[in-house]
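First comes the structure, then the notes that go with it.
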Amino acid sequence: MKVTAKDVSYVADLANLELSDEERQRMVRDLNSILDYVDLLNELDTSSVQAMAQVSDRYGVDRSDQRSDRFAYAIREDIKEGLRKSLPHDVALQNAPESDGTFFKVPKVIDR
Amino acid sequence: MNLNSLTIDAARSAVQDRKVTATALAEEFYTEIQKDDPRIGAYLILSKDRALEQAGRMDQLASRGEKLPPLGGVPIGIKDVLTTRGVRTSAGSKILGNYVPPYDCTAVSRLEAAGAVLLGKTNCDEFAMGSSNENSAWHPVRNPRDPSRVPGGSSGGSAAAVAADMAVAALGSDTGGSIRQPASFCGVVGLMPTYGRVSRYGLVAFASSLDHIGPITKTVKDAAIVLRTIAGRDSMDSTSADLPVPDYVAELEKPVQGLKIGVAKEYLGEGLDREVRYAVEAAIQKLESLGCKIVEISLPHTKYAIPTYYIVATAEASSNLARFDGVRYGYRARDARTLSEMYRRTRDEGFGAEVKRRIMLGTYALSAGYYDAYYLKAQKVRTLIARDFEEAFSKVDAIVTPTCPTAAFKLGEKAENPLAMYLADIYTVTADLAGIPGISIPCGQTRENLPIGLQILGRHFDEATVLRVAHAYEQAVAPSA
């Protein structure tokens, strides 16, 4: 078994999830079943393959005569066209679960 | 009006020629929704005020004899992962159950600027994670063709709304097949454009290197009309491509004779339902009879696509969904004593089972000690899958495959087995990983009258060829043709 109950606790902590005992048990089972399937990838030798993090990573790599235009977003000059005014303060707060009108309010951060 | 066969052009012309007002047309759709949707569950929320205000504007234009914009008065549905100013956008999740966005998604504002009438927000799997729409936090959607079956997912509400005449067209999103698979299950057209073709500004992010917005429609021409409207550079999304947008509608009529169509054996192998195979083979013959040249190709890394996808997509999701913490918007657990307790309980109570599963899987794949073995490995295999397509497209102009290995399955059939559910996307995830465009169009039905979908894939930014082949097939099999 790849993933133990201890791993699930550790990962839940990283992901800021609490998970009930029942959910933890099921998570151990499901993650193992999915990761067993993912093992299929180990059939492939990828030692000399570049990772692809974005579709644009394939831009410029391909030397075949593709008719498609190159991805224009791969590299571009800095531009200011995206700059715009921020949301008004009250609009930014309107979906807040709790606010004092100026700030988002949250429970105590440091317990002392 | 006969809503059944109402296309974008037919609806727009009817309003333009004063045969019906846009207001009356919208009302007619709302009546249909009131009648049928309790049975189907395609909509989560209706935006009637906004719809009627827009319809009124279109009626004023028409009554003054002015030319309507391309979607003037056309009633559409919007998947609930796309933000709509002043109209609740929950992404099918409890954690956004009270979220009213202060801004519109670019694709939505472009459609509205082109005259479309927004009927409401359509149901979907929570955060677009699912292949059956059963992961909606609110209620499932039923397939209009057979209510015991799922409509597919995650854009199940959008596909069901179009199939059941509760919208002329709809927007969906596709990360692993979420536009094409429900279109296939519901017997409608679903187009996933090239990565970067349509701005994602205002799309609730699931997996940013894989997310796409696209149309679900009744006809290929309607998909072309919607794409023409929503495509193109948007300064609000740095991944939107700065390339000219062709007139996809005009391109439809170009001949398909001589086009090389690839057929990959990896998409017609084990696990493919026999009836689906026959329908797809018949469609390939039809394309050949239209003058296309059928070329056998191989996409050898196809079987690695699902495991690759479920590592890449969940890793990105675990990062994207970190923003849901109960601080700035959305649900917050009550009475937490500390900040970290508030985070954990908010997420625990706000997210559903599948979303938690994917956050856990993605966090695990990114965690120290596993990053190289899972995440980096998957990114490398993604390169191999993209290369398969690059190689294939040096020989062919388009590739046809089944959209899904089976027709629509029953509600509950795969709900307890996440892996079986993931395999429903086996033929669609590859295009998301490579970033190429793909469409699903109806190609017959099973003996149980369930729709079968044909998928057509094309080169990056070559939606025009994909649409042209789809249109030629659609016209060739149309009953009146």
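Where a number appears in this text, it was derived from the coordinates with a stated rule and is not lab data. Keep in mind it's a predicted model, so treat the numbers as computed, not measured. Please note: Cβ atoms are built from the backbone with ideal geometry, for glycine as well, and neighbour counts cover all protein chains shown.
Region B:227-244 and region A:1-56 have their alpha-carbon centroids 34 Å apart.
Ordering B:Val81, B:Val198, B:Ser367 by the projection of their Cα atoms onto the charge dipole of chain B, which places +1 on the Cβ of Lys and Arg and -1 on the Cβ of Asp and Glu, puts B:Ser367 at the extreme positive end. Put in line by how crowded their Cβ is, counting other Cβ atoms within 10 Å and starting with the fewest, B:Ser235, B:Ser131 read B:Ser235, B:Ser131.
Taking Lys and Arg as +1 and Asp and Glu as -1, the other residues whose beta-carbon sits under 14 Å from that of B:Met421 total -4. Taking amide H as placed 1.01 Å from N in the peptide plane, the amide H of A:Leu44 sits under 5 Å from none that are at least 5 places away or on another chain.
Have a look at A:Gln54, B:Ala167, B:His139 and report the one farthest towards the positive end of the charge dipole of the protein assembly as shown, computed about the Cα centre with Cβ charges (Lys/Arg +1, Asp/Glu -1). Of A:Gln54, B:Ala167, B:His139, it is B:Ala167.
Once backbone amide H atoms are built at 1.01 Å from N, B:Ala169 has B:Gly77 as its partners under 5 Å, excluding neighbours fewer than 5 places away on the same chain.
Quote the FRET efficiency, to the nearest 0.05, computed for A:Ser9 versus B:Lys94 with a Förster distance R0 of 25 Å and r equal to the Cβ-Cβ distance.
That gives a FRET efficiency of 0.55.
For B:Asp36 and B:Leu268, FRET efficiency with R0 = 22 Å and r from the beta-carbon atoms, rounded to 0.05? Walk me through the numbers before you get to the answer.
Numbers: r = 36 Å, r/R0 = 1.65.
About 0.05, to the nearest 0.05.
Once both labels are positioned 7 Å from their Cα atoms along Cα-to-Cβ, the gap between B:Gln60 and B:Ala24 label points is 2.1 nm. Once every DSSP H run of n ≥ 4 in the protein assembly as shown is given -39500 (n - 2.57) and the sum is divided by its residues, what mean residue ellipticity at 222 nm do you get, rounded to the nearest 500 deg cm²/dmol? Computed mean residue ellipticity for the protein assembly as shown: -11000 deg cm²/dmol. For the protein assembly as shown, a simple Cβ point-charge model (Lys and Arg +1, Asp and Glu -1, everything else neutral) yields a dipole of about 600 debye relative to the Cα centre. Taking a 21 Å limit on the Cα-Cα distance, which of the listed pairs B:Lys303/B:Lys380; B:Lys218/B:Lys260; B:Lys254/B:Lys286 fall beyond it? The pairs that break the limit, which is 21 Å between Cα atoms, are B:Lys218/B:Lys260. For region B:302-310, putting each phi into the Karplus relation 6.51 cos²θ - 1.76 cosθ + 1.60 with θ = phi - 60° gives couplings of 3, 5, 8, 5, 5, x, 4, 4, 6 Hz, in residue order, rounded to whole numbers and with x for Gly and Pro. Once you list every other residue whose beta carbon is under 13 Å from the beta carbon of B:Ile40, what net charge do they have if Lys and Arg are +1 and Asp and Glu are -1? That sum, taken over residues with Cβ under 13 Å, equals 0.
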